[in-house]
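**Student:** I have a structure here, written as structure tokens, and I will follow up with some questions on it.
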Amino acid sequence: MALLNILEFPDPRLRTLASPVDQVDDQIRQLVDDMLETMYAAPGIGLAATQVNVHRQIVVMDLSEEKNSPLVFINPRLEALTDQLEPYQEGCLSVPGFYENVDRPQRVRIRALDQDGAPCELDAEGLLAVCIQHECDHLSGKLFVDYLSTLKRNRIRKKLEKQQRHHSE
């Protein structure tokens, strides 16, 4: 397994639309394993392939305290199960150090393929529902900062650009 480099906002590659996975093969399973290792090491609770500059429809997550219950969703399709939106504080490995409230449906259904290529379906609520929506947004080139006001988003971008410049010196 290998640790992958996580792209950081405002990297334009984070805006790339992910393409569907045609076949879940050993190469895809290796990518999933690398993504999980990268997510755990970061540390985070979710990671989309887009964030590691692989533009395929793959997301991984693990909300367990023990970090031993990984979820893998390949070619995910989301359906909101409620019109009611609730705020939840979100952060992102691609937007390190920033946390903001985002309004999202609190119950969703996800249909996808698992790491073995078998169809799976899951109804989720609370943090899991938020995490699923957040990670699936990445596959469409969308970040949680896109839900914020232009002022907040620009402030975060400027701070991260300054940090990135400082690290590259």
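The values are calculated or read from the model by the stated rules, or taken from the named source; none is laboratory data. Note that the structure is predicted; figures quoted are calculated from it, not measured. Every residue, glycine among them, receives a Cβ derived from its backbone with ideal geometry; neighbour counts consider all protein chains shown. Quick note on the areas: whole protein, heavy atoms, side chains included, nothing else; ligands and nucleic acids left out. Shrake-Rupley method; radii C 1.70, N 1.55, O 1.52, S 1.80 Å.
**Student:** Within the range 128-169, take every residue that is closer than 18 Å to Leu78 by Cα and charged (D, E, K, R) and give me the one that is least open to solvent (accessible area, probe 1.4 Å).
**Tutor:** Taking the candidates together, the pick is Glu135.
**Student:** Quick one: how many residues across the range 67-94 are farther than 20 Å from Arg56 by Cα and of a type in the set (Val, Ile, Thr)?
**Tutor:** Result for the range 67-94: 1.
**Student:** Something else now. Can you confirm whether Val54 is in contact with a Phe, Trp or Tyr (Cβ under 7 Å, 6 or more places away or on another chain), under 23 Å from Met35 (Cβ atoms) and touching a residue at least 12 places away in the same chain (Cβ under 8 Å)?
**Tutor:** Judged against the criteria, Val54 is not a match.
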